[in-house]
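Participant: Pasting a structure here, questions to come.
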Amino acid sequence: MKQTYSDKGFHHALKVVDELCIGCTHCMIACPTQAIRVRDGKAIIFEERCVDCGNCCKACPVSAILIEQDDFDLFFSYPVRVALVPSVFIGQFPSRINSGKIFGAMKSIGFTHIVEIDSVVDLVQQAYDRETKGSRCLRPAISTFCPAIVRLIQVRFPSLVDHLIRVKPPSDVAAIYYREKMEGQGYNPAELGIFYITPCAAKIASIKSPVGEARSSVDGVINMEYMYNKLLHIIINKEVGTETQADSTGLSSKGILWSLTRGESEHQPGRCLAVDGMSNVTEFLERLEETEESHIDFLELRACDESCAGGVLISGNRFLTVERLNKRAGEVSGEKAGKPDSGAVNLDLFFLDKIQSRSMLSLDPDREVAMEKMKKRDELLKVLPGIDCAACGSPSCSALAEDIVQGRAETSHCVFLQELYIRDKRLSLEDADKINASIWGKDRNYRSQSK
């Protein structure tokens, strides 16, 4: 398994498997932060740029990019095992399989408690109300629901960090609320393990390397695709016959739809927008950086199409998942009795500390050195062809220029400059082949080899 470039202490869930990677560039082109290069015929990831959105994983034609998760056996080390279940997990199952069968199957494999995360959205809303009415958050206020978006803003749009609402997402709020509640009921804190069933890689990264807090309130994460297949096998083979209700209460229609596109924005005051899909979000944030959009009060930004229903670890079709969740929401009342009580927990626990930027745009920590590198990069851009062909193993000419000033590439990596150097006898065909082999691997068929 190939190691990623430049570890600055941020955990990443996405890993390239060398044995499977064919160096095809699909992932490199799909990456919204230009975090991937091809070297020696394999993809590599620059960690300081990666936001764990999973676009690369979706684009890979040979499944060479894996998403790490905790060992499933980890959760048996806790005598009390709580599963945090998002609504999109239930929405993947065929309509004939209800939540009772799903929860029954979960208890049959060892979970002692089932908590539906979206039962706490009213607590999240109360925290939103307090935060957006204060002066800490600039307009438009940007939701922190999607961890890939939070990281995208940190690395690519650092000037917008102060627009992020410093409120923890529902999964973390549910973990805090139910941990406090169970400890109040006499459970030993040391024996209590809380595990989140995640639809995306970014959530794994955010739990292992939290943003705006020192430690996550969640003890481990489980790949949703793995859990779905495991439970579906149990249910279809009728290995469990008992239906079970969740231990959480108060799930409302608002909660069921919260993780879908417009799930948050429809319940916020003022003018609100919902944008999903990484390319759409990136385009909107570029606009927000360049123009004044203070007339917008709230932005719901989600990395995946159809939000969590389109997560990289979702097994089912995202449109069918949305349809099933809408149907489920229609079957419950808007306000459910027994919903979590904010008076039972300190609301201050739901807020994040200041979110720091970690801009990928900075070429060097030293300002003078950075200015020199920027000047050199701009000069290189005048020489490079500007067609973003990616034949150099970098996703664009601007990315190649940055790689050159950072010492990660040479101008001869550009195939157009190579031809010029060969014509001017500054580079031999054999040396050009060696350069190309360092990018695309020695087993490719190059000019001098094909003669």
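Participant: Where the only charges are on Cβ atoms (+1 Lys, Arg; -1 Asp, Glu), what is the dipole of the range 74-192 about its Cα centre, to the nearest 20 debye?
Facilitator: Numbers: 14 positive and 10 negative charges, 55 e Å.
My answer is approximately 260 debye.
Participant: Got a sec? What order do 196, 421 fall in by accessible area at 1.4 Å, biggest, i.e. largest, first? Display every interim value, and only then the final one.
Facilitator: Details: 196 20, 421 40 Å².
Putting 196, 421 in descending order of accessible area: 421, 196.
Participant: If I take every Cα pair under 8 Å that is 6 or more residues apart in the chain, average their sequence separation and divide by the length, what percent do I get for the relative contact order? Mind showing how you got there, number by number?
Facilitator: On the way: 809 pairs, mean separation 92.3, N = 451.
Reported relative contact order: 20 percent.
Participant: What Kirkwood hydrodynamic radius, in Å, does the range 138-262 give when the mean of 1/r is taken over all pairs of distinct Cα atoms and then inverted?
Facilitator: Numbers: mean 1/r = 0.0588 Å⁻¹.
For the range 138-262, inverting the mean 1/r across all distinct Cα pairs yields 17.0 Å.
Participant: I want the local charge near residue 279. Using Cβ-Cβ distances under 12 Å, sum +1 for each Lys or Arg and -1 for each Asp or Glu among the other residues.
Facilitator: On the way: positive: none; negative: 276, 283, 286, 305.
Spelling it out: positives minus negatives among the neighbours equals -4.
Participant: While we're here: Over the range 37-187, what lengths in whole Å, largest first, do the semi-axes of the equivalent ellipsoid take, defined as the square roots of 5 times the eigenvalues of the alpha-carbon gyration tensor? It would help to have the intermediate numbers written out before the result.
Facilitator: On the way: eigenvalues 185, 145, 46 Å².
Each semi-axis is √(5λ); the values are 30, 27, 15 Å.
Participant: Nearest 20 debye, what's the magnitude of the dipole of the range 136-218 about its Cα centre given +1 on Lys and Arg Cβ and -1 on Asp and Glu Cβ? Walk me through the numbers before you get to the answer.
Facilitator: Working: 11 positive and 6 negative charges, 69 e Å.
Dipole size: approximately 340 debye.
Participant: Measuring from label point to label point, each 7 Å out along Cα→Cβ, what is the residue 159 to residue 74 span in nm?
Facilitator: Distance between label points: 3.9 nm.
Participant: Of 411, 182, 320, which is farthest on the positive side of the dipole of the chain, counting Cα position, with +1 on Lys and Arg Cβ, -1 on Asp and Glu Cβ, and the Cα centre as origin?
Facilitator: 411
Participant: Check the straight Cα-Cα distances from residue 434 and name the lysines below 26 Å, setting aside those fewer than 8 residues away within the same chain.
Facilitator: 2, 42, 376, 382, 425, 442, 451
Participant: Using the heavy atoms of the protein chains alone and a 1.4 angstrom probe, what is the accessible area of the chain per residue in square angstrom? It would help to have the intermediate numbers written out before the result.
Facilitator: Values: 19820 Å² over 451 residues.
Counting only protein heavy atoms, the per-residue value for the chain is 44 Å².
Participant: Near residue 58, which aspartates and glutamates are there with a Cα under 19 Å away, not counting those fewer than 8 places off in the same chain?
Facilitator: Result set, ordered by chain and number: 18, 19, 47, 68, 225, 276, 305, 306.
Participant: Using modelled backbone amide H atoms (1.01 Å from N, in-plane), which distant-in-sequence or interchain residues come within less than 5 Å of residue 244's amide H?
Facilitator: When sequence neighbours closer than 5 places are left aside, the close amide H contacts are 101, 103, 104.
Participant: Heavy atoms only, 1.4 Å probe, whole protein assembly: order 258, 440 by accessible area, highest first.
Facilitator: Details: 258 0, 440 45 Å².
Descending accessible area places them as 440, 258.
Participant: When the accessible area of the chain is split by element with a 1.4 Å probe, what percent falls to carbon and sulfur?
Facilitator: Numbers: 9570 of 19820 Å².
Carbon with sulfur: 48 percent of the solvent-accessible area.
Participant: Let me ask another. So for the chain: antiparallel DSSP bridges make up what percent, rounded to the nearest 5? Could the numbers behind the result be given before it?
Facilitator: On the way: 9 of 31 bridges.
Expressed as a percentage, antiparallel bridges in the chain total about 30.
Participant: Any idea of residue 38's accessible area? Nearest 10 Å², probe 1.4 Å.
Facilitator: Here the accessible area works out near 0 Å².
Participant: Using the crude model of +1 on Lys and Arg Cβ and -1 on Asp and Glu Cβ, and no other charge, please compute the dipole size for the chain relative to its Cα centre, in debye to 20.
Facilitator: On the way: 55 positive and 62 negative charges, 145 e Å.
Taking the Cα centre of the chain as origin, the dipole is about 700 debye.
Participant: Collect residues whose amide H, placed 1.01 Å from N in the peptide plane, falls under 5 Å from the amide H of residue 304; neighbours closer than 5 in sequence don't count.
Facilitator: 277
The values are calculated or read from the model by the stated rules, or taken from the named source; none is laboratory data. Note that this is a predicted model, so its numbers are computed, not measured. Positions of Cβ are generated from backbone atoms using ideal geometry, with glycine treated the same way; all protein chains shown enter the neighbour counts. Only protein heavy atoms, including side chains, enter the accessible area calculation; ligands, DNA and RNA are left aside. Shrake-Rupley method; radii C 1.70, N 1.55, O 1.52, S 1.80 Å.
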